[in-house]
Amino acid sequence: GKYELKETLTNEGYVLSEKVHQINLEQKDLTTKEYVITKNVTNIAPHGEIHVQKRDRDTLEDLSGVTFHIYSLDGRNTLLYKKGEAVSMDISENGYYVTNELGEIHISGLPLGKYELKEVQELEGYVKNNKVYDIDLSYDHTDKIIYSKELDVLNKKTVTEISKVDATNEKEL
């Protein structure tokens, strides 16, 4: 007979193959009782990467020691992260990452999905960057293995201006 073979379940981290394999079993003689057809089905295991570059807004100097927090947004029912859960990969604890001496954070090996990244501790003398970065590393039905997002995050130095005025006429001295 004629059959179609389609994958309906795969292991965590792998993409389900969308290919439908056509199988045609034909009797070749009257003595063969079992016919075997071998089909190789390959799955890709894509992953995500996030690269953050933290710099001074005016001088573009790299800023080390800035803390960011990343957590899952999409709430996929996976073994790894649920919606709102902190994402801890590589050198992180509880989803917190600190920029290295080059002002960088590199997070790799992330399961595909949506994430949110925000600065939680700025450097002394800088204004905190309150922007929340939505990062979409969702599968796009291609054979791409690495989904990557690069962020250039800038901070502004705080400025204090002091002016001395004459107490009698309020003119600046």
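Here's how it looks for Leu137: its modeled amide H is under 5 Å from those of Gly113, Lys114, Tyr115, which are all 5 or more places away or on a different chain. Of Ile105, Val165, Leu154, whose Cα points farthest to the positive end of the dipole of region 95-166 (charges on the beta-carbon: +1 Lys, Arg; -1 Asp, Glu; origin at the Cα centre)? Among Ile105, Val165, Leu154, the one farthest towards the positive end of the dipole of region 95-166 is Val165.
When only alpha carbons are used to place a centre, region 1-40 and region 109-173 end up 52 Å from one another.
For Asn129, the amide hydrogen comes within under 5 Å of no other amide hydrogen, counting only partners 5 or more places away or on other chains and with H modelled in the peptide plane. The 3J(HN,Hα) values that the Karplus relation (6.51, -1.76, 1.60; θ = phi - 60°) gives for region 49-62 are, in residue order, 9, 10, 10, 10, 10, 10, 9, 5, 4, 8, 9, 6, 5, 5 Hz. Gly and Pro appear as x. Sequence-ordered 3J(HN,Hα) estimates for region 148-154 from the Karplus curve with 6.51, -1.76 and 1.60 and θ = phi - 60° stand at 10, 9, 10, 10, 10, 10, 10 Hz, glycine and proline given as x. Using R₀ = 22 Å, calculate the FRET efficiency as 1/(1 + (r/R₀)^6) where r is the Cβ-Cβ separation of Gln121 and Thr158; round to 0.05. It comes out at approximately 0.90. Shown in residue order for region 130-143 are the 3J(HN,Hα) couplings computed by the Karplus curve 6.51 cos²θ - 1.76 cosθ + 1.60 at θ = phi - 60°: 8, 5, 9, 9, 8, 10, 9, 10, 7, 4, 10, 6, 10, 8 Hz (x for Gly and Pro). Counting protein heavy atoms only, the chain has 48 percent of its accessible area on carbon and sulfur, 1.4 angstrom probe. Bridges between two residues of the chain, per DSSP, are antiparallel at a rate of about 75%.
Under the convention that each Lys and Arg Cβ holds +1 and each Asp and Glu Cβ holds -1, the size of the dipole of the chain around its Cα centre is about 720 debye. A straight chain from Val36 to Thr142 at 0.36 nm per residue would run longer than the Cα-Cα distance by 35.0 nm. Think of the chain as a dipole: +1 on every Lys or Arg Cβ, -1 on every Asp or Glu Cβ, centred on the Cα centre; then among Thr59, Tyr96, Tyr139, Tyr139 lies furthest on the positive end. The GluC sites (Glu not before Pro) found in region 1-30 that occupy coil by DSSP, while having at most 16 further C-beta atoms within 10 Å, are Glu7, Glu12, Glu18, Glu26. Close amide H contacts of Gly48 (hydrogens built in the peptide plane, cut-off under 5 Å, sequence separation of 5 or more or a different chain): Gly109, Leu110, Leu112, Tyr147.
The values are calculated or read from the model by the stated rules, or taken from the named source; none is laboratory data. Every value quoted in this text rests on a predicted model; they were computed, and no experiment measured them. Ideal geometry is used to build each Cβ from the backbone, glycine not excepted, and the neighbour counts take in all protein chains shown. Heads up: the accessible areas ignore ligands, DNA and RNA and are worked out on the full protein's heavy atoms, side chains in. Shrake-Rupley method; radii C 1.70, N 1.55, O 1.52, S 1.80 Å.
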